[in-house]
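Right, one structure below, let's go through it.
Please treat every number below as a calculation from the coordinates, not as lab data. Source: prediction; values computed, not measured. When we count neighbours, we look across all protein chains shown, and the Cβ atoms used for this are built from the backbone with ideal geometry, even at glycine.
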Amino acid sequence: MGLQEIKLKDAISMRDHEKKSFVKAINELGKNIEIMKLEQTKLSRDAHECANLIPDMDKMLSAIQTQVTKFEDLKQKYNEEVAKRKKLYNQVEEAKGNIRVFCRCRPLDKHEVSAGHTMVVDFSASKDGDLGIVTGSSTKKLYRFDRIYTPNDGQVDVFADASPMVISVLDGYNVCIFAYGQTGTGKTFTMEGTEKNRGVNYRTLEALFDTVEERKDTFSFNISICVLEVYNEQIRDLLATSRTTKKLEVRQASEGAHHVPGIVEAKVESIREVWNALQAGSNARAVGSNNVNEHSSRSHCMICITVKSKNLLNGECTKSKLWLVDLAGSEKLAKTNVQGDRLKEAQNINRSLSALGDVISALASKSTHIPYRNSKLTHLLQDSLGGDSKTVMYVQISPSEHDMSETLSSLNFATRVRGVELGPAKKQIDYSELQKLKSSLDKAKQDLRLKDEAIKKLEENYQSLEIKIKCKDQMHKNQQDQVDDVTGQLELKTQLCKQLEKQTSQLSDEVKEKQDMCSTLQKRVIELENKLKERTQMFEHKLSISEEKIKKLEYILERQDGQVDSQMLNQKIKEFEEKPLQQVEQLDFSAQTQSFSSERSQIAPSERKTWSTQTPVGVMTHNRRILKSSNRLPSHGSALVRGTESLRELRRKHDAHNRGGVENTFIPPSVISDPSVDEKRPGARRVDPSKAFARLTRSGKSFAVTRNKINIEQAQRVKERDVNTRVWSR
């Protein structure tokens with residue numbers, strides 16, 4: 001029964017586990033099928049889109065190819081036209097000269113007119129480029145320049161001849177425009193002007209931004225400006241917000257250009273930003289007064305405009321510089337009568353202008369060594385005074401006879417400058433930008449190669465995805481078949497589980513009935529065990545009493561050994577042994593039949609057949625034998641055995657004495673009645689132990705009564721023991 005319960009529980013747990021596993025597997029299969037359906041629809045949609053895009057892409061590629069061909073043709077024609085235009089323009093400029101010298105004379109001021117000074121400048125041949133200086137009453141010295149501006153010419157006329165230089169800057173050439181002359185001749189007015197009457201600086205930058213706006217479709221420009229001054233042979237940054245003690249020095253870059261590390265370079269995108277930068281630099285410039293000019297500039301003011309351009313058609317990059325220089329006034333120390341700081345300033349100004357003259361002379365004589373490093377001024381202008389650049393010089397003079405010597409000195413310097421023959425100007429290609437473009441081109445080629453590889457991989461992936469889609473469809477069909485099979489198996493398992501549940505419920509009911517029967521039988525067994533314990537205790541008590549009586553009988557037999565008739569005693573003993581055994585067998589049989597009938601009435605009808613078929617006669621006989629053996633007295637360690645041995649010894653002695661006799665048989669302990677029991681029984685009388693044997697031989701009636709009582713008690717004990725034995729044997 002317990003084994004069936006365990007098997008039943010195992011089957012139920014296994015069934016639940018299989019049911020859960022089947023449900024879980026079906027849910028997972030359903031999820032996988034849904035995911036695969038979504039992937040399959042997405043992949044099929046992508047495949048259809050790719051297939052639909054292929055003809056459109058072919059059309060677009062053909063149209064793009066046509067447009068690219070047209071664009072290349074137009075680009076080639078445009079580049080050819082631009083090259084021709086630049087070539088012609090440069091030829092015109094070279095015919096005019098790379099260094100062009102313009103002379104401008106200021107009018108007499110109020111002080112000179114009131115003082116009665118006369119003009120020594122003759123403008124009669126100015127249209128032909130000739131300027132005469134009257135040195136005496138009948139002598140005149142002539143000078144020839146590229147253009148001569150009279151006092152009546154305005155700022156617009158002055159800038160008109162310098163405007164072509166703006167085109168050269170945007171084309172990638174270095175350009176330098178500077179004003180040279182005596183203090184008070186109008187250099188600053190020519191270069192800067194006023195807010196209502198702009199000078200060369202403002203007009204040049206305005207024309208620069210106008211041209212940039214015109215070329216924005218084909219070129220990209222990046223313009224920056226820096227303003228500095230050379231004061232007492234020291235470079236000062238006029239755009240710096242705070243003064244620094246660190247000296248600024250001119251350095252040569254790796255590509256050969258010269259620059260000043262640490263200088264502020266402001267990026268500008270409009271003329272308004274340029275004007276603000278120029279005003280900030282002009283306000284920070286060092287000025288002073290002397291006998292010649294109250295607001296004389298005591299330093300060389302230099303504006304550097306850096307232009308980086310990129311041709312959007314062919315990718316050509318250039319980096320050019322435009323220098324706008326307002327030189328400090330040259331003057332004679334004896335005439336100015338300056339002292340202290342003003343004397344030091346004048347000496348440094350004259351030294352830097354002298355260095356500029358040395359550079360011009362070296363260039364005019366085509367010397368192998370040009371002393372650019374003799375002054376900070378010439379060192380800064382090295383890129384714009386050499387053969388690679390275009391230069392414009394404004395020589396400013398005074399018409400007063402009082403300034404004739406300074407005027408002649410300035411005109412002589414200008415004549416030397418005009419006599420310098422420079423080679424053709426070179427275009428300043430931005431090699432750093434070119435290097436960047438090359439690296440960008442290499443990177444673009446690499447990216448193109450990588451993209452081609454990526455396209456190939458995408459095509460391969462597309463093909464592999466198509467194969468995967470087919471495989472997924474096949475897998476989907478297979479899994480659908482598996483789901484159908486699993487569903488059928490699940491239905492079968494469900495039916496089987498229902499049957500098992502019914503069987504389980506039936507078996508559970510049977511188990512409950514068996515458990516109830518077992519509980520009743522266990523209660524019965526407990527009751528019988530309690531009775532058996534009580535009977536066993538009673539039997540042990542009586543057995544101890546019998547042992548005492550046997551001892552007494554042995555003692556009596558030893559004393560009356562000669563007087564006892566051994567033959568008679570043996571016969572009595574045999575009878576005494578046989579009769580209780582017969583009675584015990586009868587009682588045993590009757591007790592077994594009674595207990596069997598009572599138990600059979602309690603057992604269910606379904607079990608009676610089993611009991612009757614499983615209880616043969618041999619078992620009952622075997623139970624009787626067990627009862628006999630259980631009713632016998634123990635043979636070891638008891639006084640009864642010792643008494644039996646003494647009786648045998650007495651019998652042997654008696655036989656030896658009579659030379660022939662009958663063997664003594666075993667006398668059971670129940671033969672002798674317990675005196676205590678007799679005393680307790682009502683109507684009993686006391687028996688003297690010394691006369692017990694004579695009474696036993698003499699009176700057979702009282703012995704029979706006692707024996708019958710003992711046999712009845714023994715039969716009851718045998719019956720109880722037989723019941724216990726039968727219960728435990730089941």
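Taking other C-beta atoms within 10 Å as the exposure proxy, Leu3, Leu239 rank Leu3, Leu239 from fewest upward.
Residue separation of Ile35 and Lys141 scaled by 0.36 nm, minus their Cα-Cα distance, works out to 27.9 nm of gained length.
Close amide H pairs (under 5 Å, H built 1.01 Å from N) link Ser389 with Lys426, residues at least 5 positions away or on another chain. Under conditions of 25 °C and 0.890 mPa s, the range 91-224 yields 143 µm² s⁻¹ as its translational diffusion coefficient, taking Rh as the Kirkwood radius over Cα pairs in the Stokes-Einstein equation. Our Cα-only numbers for the range 365-417 put the radius of gyration and Dmax at 14.1, 40 Å.
Between Thr494 and Lys533, the simple label model (points 7 Å from Cα in the Cβ direction) yields a spacing of 5.9 nm. Quarter the surface of the alpha carbon convex hull of the range 441-535 and you get the mean projected area, 15.6 square nanometres. FRET efficiency for the Asp210 to Val264 pair, using the beta carbon distance and R₀ = 25 Å, is estimated at 0.45.
For trypsin sites (Lys or Arg not before Pro), the sites in the range 352-409 that DSSP calls loop and that have at most 12 other Cβ atoms within 10 Å are Lys366. Stretching Ile6 away from Lys344 to a fully extended chain increases their span by 109.6 nm, per 0.36 nm per residue minus the current alpha-carbon distance. Per-residue extension of 0.36 nm, minus the Cα-Cα distance of Arg85 and Gln67, leaves a gain of 3.8 nm for this segment. When you count the other C-beta atoms within 10 angstrom of each residue and take the mean per peptide, 201-214, 514-527 line up highest first as 201-214, 514-527.
Annotation: peptides 42-51, 160-169, 393-402, ranked by per-residue average of other Cβ atoms within 10 Å with the highest first, follow the order 393-402, 160-169, 42-51.
If I model a spin label as a point 7 Å beyond the Cα along the Cα-Cβ vector, how far apart are those points for Ser13 and Asp473 in nm? The modelled label-to-label distance comes out at 4.9 nm.
Peptides 530-541, 354-365 ranked from most to least packed by the mean count of surrounding Cβ atoms within 10 Å: 354-365, 530-541. The Asn374 and Asp442 beta-carbon pair, evaluated with R₀ = 41 Å, returns a calculated FRET efficiency of approximately 0.40.
Per the Debye calculation on the range 146-265 with a single equal scatterer at every Cα and no solvent contribution, log₁₀ I(q)/I(0) for q = 0.12, 0.13 Å⁻¹ amounts to -0.61, -0.72.
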